[in-house]
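So the structure is just underneath, and the comments pick up after that.
The values are calculated or read from the model by the stated rules, or taken from the named source; none is laboratory data. If you're wondering where the values come from, they're calculated on a predicted model, not measured in any experiment. Virtual Cβ from ideal backbone geometry, glycine too; neighbours counted across all protein chains shown. Areas reflect the complete protein model, heavy atoms only, side chains present, ligands, DNA and RNA absent. Shrake-Rupley method; radii C 1.70, N 1.55, O 1.52, S 1.80 Å.
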Amino acid sequence: MSKVYDVVILGAGPAGLSAALYAGRARLSTLLIEKGQDGGQIAITDDIENYPGSPNAEPGPVLIGRMSAQVERFGAERVKDTIKSVDLKSNPKKITCVNGEYLAKSVIVCTGAFPKPCGAENEGKLTGKGVSYCATCDANFFEDFEVYVVGGGDSAIQEALYLTKFARKVTVIHRRDELRAAKSLQEKAFANEKMEFMWNSQILKFNGDDILTSMEVKNTKTGEITHIEADPDDGMFGVFVFIGFNPRSELFEGQLDMENGYILADSDTMATSIPGVYAAGDVRKKSFRQVVTAAADGANAVHSVEHYLSELK
């Protein structure tokens, strides 16, 4: 007979790792399922300077490495697998993966979110050929080239600042006439000699056969279209899109209550519309998405799981 875990945690970002840590310390039989590398978006973030206990900016993978080591120390089981389907209404709850099936008394969904495209024509065609969503992954391909960053929030400005270490010029394209990023980040950006800004602008179309060579940008106030061509000596340029995320929640459609794809969960208990199922981190509807809030969600979810399991006995 298959083992029935006290809790199965789906996803090993900050929320999932925090949940696994707390569940392990609580001596719950715990399984953490992750298909890729630990960390989610944090694994591809260059500098994190606002996580408590990290006084200096540090690469995301370093922080995640410490979290993963803590999870191992407290005994949560780990499986690297891709989830195909879930049955959260059954008893026990069933998670079907490519390499096996897992049963649980409770489930914590920590599947996170993925970058939102900017919606320009040919974006998909030229993704990986000049269009990117990860500065840490692709910045080195644009050493001494010109690059553009789409967005005006914290992530966009953080990644734009990182790109100045590689590119000869970084231009931020923003739909509005002012940034939404934290003032401290804005100050760094405006003081950086390599950075320029295109206000009230959005990209309409990317052009190029096998590589990005030009694009059309519209002024959102005047309607004027600007055609931007790659420097002839370069033959290409890069565009990095950082305008938000879409939740990874498709697996739970029709089972959990959602709003715009985000799972609805109680802000204190992380409880979803199904008893024994909790959502933590960027996949749940919330107003503030940071590493620290994701970690707190994971801890709160486990506290709720303990109470739920005690009621089952």
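At a glance:
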read-out	value
Top-ranked residue of region 272-292 - restricted to ones that are hydroxyl-bearing (Ser, Thr, Tyr) and surrounded by fewer than 17 Cβ atoms within 10 Å (Cβ to Cβ), ranked as farthest from the chain's Cα centre (by Cα)	Ser273
Enumeration of residues in region 17-57 that are among the hydroxyl-bearing types (Ser, Thr, Tyr) and open to solvent by 40 Å² or more (accessible area, probe 1.4 Å)	Tyr22, Tyr51
Checklist (1) in contact (Cβ under 8 Å) with a residue 24 or more places away in the chain; (2) crowded, with 23+ Cβ neighbours inside 10 Å; (3) more than 14 Å from the chain's Cα centre (by Cα) applied to Thr269, failing item	(2)
Cross-chain or 6+ apart pairs with Cβ under 6 Å, region 108-130 first and in contact (Cβ under 8 Å) with a residue 12 or more places away in the chain and over 26 Å from Ala294 (Cβ atoms), then in a loop (DSSP other than H, G, I, E, B) and not hydrophobic (A, V, I, L, M, F, W, C)	Glu123/Pro117; Leu126/Gly208
Evaluation of Gln158 against (1) assigned to a strand (DSSP E or B); (2) in contact with a Leu (Cβ under 9 Å, 6 or more places away or on another chain); (3) within 27 Å of Ala43 (Cβ to Cβ); (4) not hydrophobic (A, V, I, L, M, F, W, C) (one fails), failing number	(1)
Only listed residue being part of a helix (DSSP H, G or I), over 21 Å from the mean Cα position of the chain (by Cα) and surrounded by fewer than 24 Cβ atoms within 10 Å (Cβ to Cβ), chosen from Phe166, Phe141	Phe141
Members of region 80-138 found to be under 12 Å from Ile33 (Cα atoms) and of a type in the set (S, T, N, Q), listed by number	Thr82, Thr96, Asn99, Thr111
Residue in region 87-101 that is modelled with pLDDT under 95, open to solvent by less than 60 Å² (accessible area, probe 1.4 Å) and under 23 Å from Gln41 (Cβ atoms) present	no
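Yes/no per residue for (1) part of a loop (DSSP other than H, G, I, E, B); (2) in contact (Cβ under 8 Å) with a residue 40 or more places away in the chain; (3) under 19 Å from Gly39 (Cβ atoms):
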position: Met236; (1), (2), (3): yes, yes, no
position: Asn246; (1), (2), (3): no, yes, yes
position: Leu251; (1), (2), (3): no, yes, no
position: Ala265; (1), (2), (3): yes, no, no
position: Ile274; (1), (2), (3): yes, yes, no
position: Asp282; (1), (2), (3): no, yes, yes
position: Ala296; (1), (2), (3): no, yes, yes
position: Val305; (1), (2), (3): no, yes, no
position: Leu309; (1), (2), (3): no, yes, no
